[in-house]
Structures are given as structure tokens and as C-alpha cells.
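Okay, structure first, notes after.
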Amino acid sequence: MRLAIYVAFLSSIGNRSGFLSSLLMSLGKELHYKTILLVGGSSTCWSLEPFETGVPILNLRGENNAYPQDTFNSQMLALACLQTESEDAVKLLYRSLKDMRDTPTLLFASSEEHIHDTLFLGCFRENMLNVLALTASSKEFIYSYQAFPTFRVIKRKLVEIHRYFEPQLKDLGGHIVSALPGNIMPRTMCYRNAEGERQLAGYLNTFIRNYVESINGTLRISWGLVPEDDMRHLTISRLSKIQHVDFPLGIIPLYNKTDKQHVYMEISSWFLMLPMETSVPRAHLFVKLGLERLLPIIVVVGAVLGNAHRIEVGLGPSWRCYYLADKVLRGALAQPIVLPRRLSPKLMLIYSLLLLSGFFLSNYYMASLTTWLVHPPASDRILEWDQLRYLHLKVLTIPEEFKYMSLILGTDFMTAYGSIFQLTNSTDFQRRRISMDPSYAYPVTTSLWPFLELSQVRLRRPLFRRSYDMVLQPFQVMSLPLPRNSIFHKSLLRYAALTRETGLYYYWFRRSYYELVALGKISYKEEEGNPYCDLKWNDFRIVWLAFLGGTIISCLALLLEVAHYRWHLGNSSL
């Protein structure tokens, strides 16, 4: 959106109407404005002739609460009549054009001295950089000013002008701009170099330094406002307004209200990272696949096969299928089946399907068991807040974040689960979260979680995992808050969009991890001791119990068969 503000001091109407109309047409070709805004207008400044261009006209008529930015957010041309009561009209202009002061401005002044001493300096203090001016007595010259690196008034002839508004932020000429880091990893992180000087790291630091270099400025960090071991959290935007800082280097989530001076940087979410649950014991892995659910199917298949055999030999159907249990078990385990003679094609198909399904089932079981023995699954995953309370696991946070949680989660939730949260200062919070202290769970955003996840790649089993069930806020628009009426808003907004489109922003994000590793702020987590452990006798406890139970049952069955045979043999001899 390009806006044009024309402040006109007009002493006559007749001849000036044609001149103003011609000027509006020339500026319309450059600015392509779609709305004209009149501030403090009167019949002594202009008539309706210059505005008969088919463009909508807004007349504030001295309204103090007008805020056109909320409604008319397209190209706008504003004219202000300051011939009488100029101070009140200028105040009304500033008040009406909040968040629109980075636009080109034209002033019709009573004298050249008035331009130098009052109007241009006032516009510069109010962050209105692109300003032009005309005097009431001359139509030959037009005035502008250069803001950086030093304030300077420029006088040009109208007939020689090819472009009315020259960009002020294209080259600052080494002008100093200030930044206030939030000291929050991984965005900005303060440290001291070998000479003991304070330095700044993090992907947001790289972003702002490259931006300042692109406009030929000099970046100065406000170290006096940055704690060395603590972090500036949600107060960074408020502090920057008080201390007149150009760039508060902190990304904060947008709340219900929408501020026009935010630079949108990331789409994020806010969730808990939880300590990894204990692994399932190896001895339990042999029965974890849930094969007991197949027992009803095996019984049904056994009954079908048994009745098929009985029908073939001319017998009636029966529910007894125990004499085929051996064949069904062989098929389920993908073992060779002893087929009877003269088997019908239907039975051949049934046995083939049984053998094929048993083959896949056996391989699936062996593959799952092999995988689980190397990477055991978690026994009881934490899926809800009640489990945290049952396990006496606390969520560590800081007071500022806890207040925000109370706002988004609601009073009922905090009443029910407020005891789960434990508050601490920001230094202790950052230290425990970066070191991954398993004594607590921690709230984390998608800005930091990739760094913590990458630091665990050398572990056989991660220390923490991301929770997809306990999400504090699933969608967050993260933005860089600028001071009100910042002259860098549109320029920085455009630069941020370009860095995202070209992939530079994400490259700086990934590279900052290795930067923090080199500084010792974050490190790869290593296994303590020897992580590998061979299978032990106790790991096969259930297997040995099943084998021993099967052996005992087989021996008892053999003894019963021998006893039955001898009893039957004795009865036959009688």
C-alpha cells in the first residue's frame, strides 16, 4: 500500500485550482492513489475543481477520532489545509494518520523558512519521511528533505522532476539504528567472546544484521537493557517503546488485538515436550503383538476344516474340531502341513490360504519382535493431563507464560490442573529446558523444538518427545513487534517476505543450531556408559515359562495316554 499525504497551504483559489489539478494528475501517475483524504479543509484552500477526477474523497472535518487505516487500507492521497490554525491542523493530521506516516507528504507552506524550521523538522520527528513542500508564493520550486545520514533540505525545480518521492530508506549512509535482543534461544543469544566483549548469536540476529546492511545502516545493540543471564520475554516491545529502540529482536505471538506495526515472521504452535516414558520390558515383547485375538479365528477355521473332512467321508457336521488342532496350528505357524489323500480342490484352496496367511503372520511377528528388541516401545504413553498428575510430573514454566496459559486455556482448566504447573525464573527455566532435565515437562514452540530434537540424534532413544495430545495453542502467528509508527515497518515487512521466498530465512534458522553448538549454548546429547545390552536369560522369561508349561502339559498328556492305553488293554484281555 502506497499512501500520499499532501499538506497544502493555499492563499488563493482561482489560479491555484488549475495548478493543483495538474499536480494531482502528475502525482497520480506516480502514486496511483485511489482515495483522497482531506484534513482541515476550507474554501480558502481549494475548490472542488481539482478533485473532479472520479476518485472518492474523504473529509475528516476536524474529527479527532478518525482512523482511516482501519477501513481504507489501499492507496490514499491526503490533503491538509493549514492556512489557519496550522498547529491544530498538523496535530489532527498526525492523529488521523497513525500507522500511515511512512508515506510521501506534500506541504504547501507560506514561506521557505516555515518549511525549514517547522514543517520538515516536525514531520521528521513524527516519522514522516517522504515529504515534499511548495510555498504559497512560488509554483516553480518544490522542496524535500533528506533524513539520513544527516537532515538536509533539498530544493528542486518542478519542470526538472522525473520522480517526486525518492526512497529515504534505500541508503542510510551509515546511520545508527538500535536493537534490543530478547536473549531467548534460538532467536537471540547473548555471549562473551575471547576478549570478554558481549556478542549476539541466533537466527534473528543474522536476519536483522543483513537487513541493516542492505540499507547501509549501522546496527547498535542496546546492551545496557539486555540482561546477560536472563531473558527479555513479553516485555520487550513495551521496553523498546520507552527506550526508543528501532528493532526489538523478539518474536511474540499475536493476541486477539491486531497491531499494524507487526512484521509477521513465522507460523508456530505451542505444545509440551515430555520426558520419554519407560520402555516395555523385553520379556513382555513376546506377547505384546496381540496374537491372543486370533484364537477365535483359529477355532472357527478348525471347525470349518473339521466339518469339511467329515462331510467328505460321509459323516454329519460336528462342532468338535480338536483332532485338526495340530494341522491348524501348523498352518498358523507357517509349518508344512501333512495333507490327506484325495483332497478336494476346495480343501486344497482352504489349506493354501491357511498356509499363506500363517506365513505372513509368522514373518510379521518376527519382524515386529526384532524391531522391538532393538527399539523397545513405551509402556504407557502420556496422553492427557490426568496422567501427569498421577505420575507427579510437573510442567516447568515462567510467570509470564503461565499468565498467557491461563488466558488461552481458561479458568476451568487452570482450576482443575493448575497444580501441575511449577513456576521458576527465566534463567533456571532456560537452563533446565536446554539441558533436558527429565524431572519436568516443558512448554516449547516449533521455533525451539527442531533444535532440541536435533540435539538428540546421537541417542539410541530420545530423552524427550513432542506431545501431539497436550497442545497449549495449535496455531500461533509469530511476529516481530515494531514501535508505533516505525519508519522501518514496510521496508522490513518487504525484506522478511523476500527472505522467506528465497529460503534465506530458513537457512539462517538451520545454521544457527551449529552456531549455538560452537558457542557451547547447546550440544549433542551422548549416551552415558555402554548403551548396547545383549539379550539376557531374564529377557526370555515368558518364553521359558511357555516352554516349561507346554513341556509339562505334553508329559502329562503322554502319561494319560499311556495309562489309558494300558487300561484299555486290560479291559480287552478280560
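Numerical summary
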read-out: Residues within the stretch 180-232 that are open to solvent by less than 40 Å² (accessible area, probe 1.4 Å), modelled with pLDDT of 85 or more and within 16 Å of residue 508 (Cβ to Cβ), tallied; value: 17
read-out: Residue list for the stretch 367-391, filter: assigned to a helix (DSSP H, G or I) and surrounded by 13 or more Cβ atoms within 10 Å (Cβ to Cβ); value: 368, 369, 372, 373, 385, 387, 388, 389
read-out: Pair list, Cβ < 7 Å and 6+ apart or interchain, from the stretch 87-114 residues that are in the same structural domain as residue 127 (by the TED database) and of a type in the set (D, E, K, R) to residues that are open to solvent by less than 30 Å² (accessible area, probe 1.4 Å) and assigned to a helix (DSSP H, G or I); value: 98/69; 99/69; 102/489
read-out: Considering residues of the stretch 392-404 that are in contact (Cβ under 8 Å) with a residue 60 or more places away in the chain and part of a helix (DSSP H, G or I) only, the residue nearest to residue 463 (Cα to Cα); value: 401
read-out: Residue count, the stretch 416-432 (criterion: open to solvent by 20 Å² or more (accessible area, probe 1.4 Å) and in contact (Cβ under 8 Å) with a residue 40 or more places away in the chain); value: 3
read-out: Set 556, 472: member being open to solvent by 30 Å² or more (accessible area, probe 1.4 Å) and among the aliphatic types (A, V, I, L, M); value: 556
read-out: Residue 481, sole failed condition from (1) open to solvent by less than 10 Å² (accessible area, probe 1.4 Å); (2) closer than 30 Å to residue 129 by Cβ; (3) modelled with pLDDT of 90 or more; value: (3)
read-out: Any hit, the stretch 504-518, residues being open to solvent by less than 100 Å² (accessible area, probe 1.4 Å) and not in a helix (DSSP H, G or I); value: no
read-out: Residue check for residue 571: part of a helix (DSSP H, G or I), open to solvent by 80 Å² or more (accessible area, probe 1.4 Å) and not hydroxyl-bearing (Ser, Thr, Tyr); value: no
read-out: Residue among 70, 88, 117 that is within 36 Å of the chain's Cα centre (by Cα), among the acidic types (Asp, Glu), modelled with pLDDT under 85 and open to solvent by 40 Å² or more (accessible area, probe 1.4 Å); value: 70
read-out: Count - residues of the stretch 136-152 that are over 44 Å from the mean Cα position of the chain (by Cα) and assigned to a loop (DSSP other than H, G, I, E, B); value: 5
read-out: Filter result for residue 169 (in contact with a helix residue (DSSP H, G or I) (Cβ under 6 Å, 6 or more places away or on another chain) and open to solvent by less than 50 Å² (accessible area, probe 1.4 Å)); value: yes
read-out: The stretch 405-415 - residue that is without any contact (Cβ under 8 Å) to a residue 40 or more places away in the chain and over 28 Å from residue 226 (Cα atoms) and, of those, surrounded by the most Cβ atoms within 10 Å (Cβ to Cβ); value: 414
read-out: Count of the stretch 433-469 residues which are more than 22 Å from the chain's Cα centre (by Cα) and open to solvent by less than 50 Å² (accessible area, probe 1.4 Å); value: 3
read-out: Residue in the stretch 186-202 that is within 22 Å of residue 430 (Cα to Cα), in a helix (DSSP H, G or I) and touching a Pro at 6+ places or on another chain (Cβ under 7 Å) present; value: no
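The values are calculated or read from the model by the stated rules, or taken from the named source; none is laboratory data. Just so it is clear, the model here is predicted, and its values are computed rather than measured. Neighbour counts run over all protein chains shown; Cβ positions are idealised from the backbone, glycine included. We work out accessible area using only protein heavy atoms, side chains counted, and drop any ligands, DNA or RNA first. Shrake-Rupley method; radii C 1.70, N 1.55, O 1.52, S 1.80 Å.
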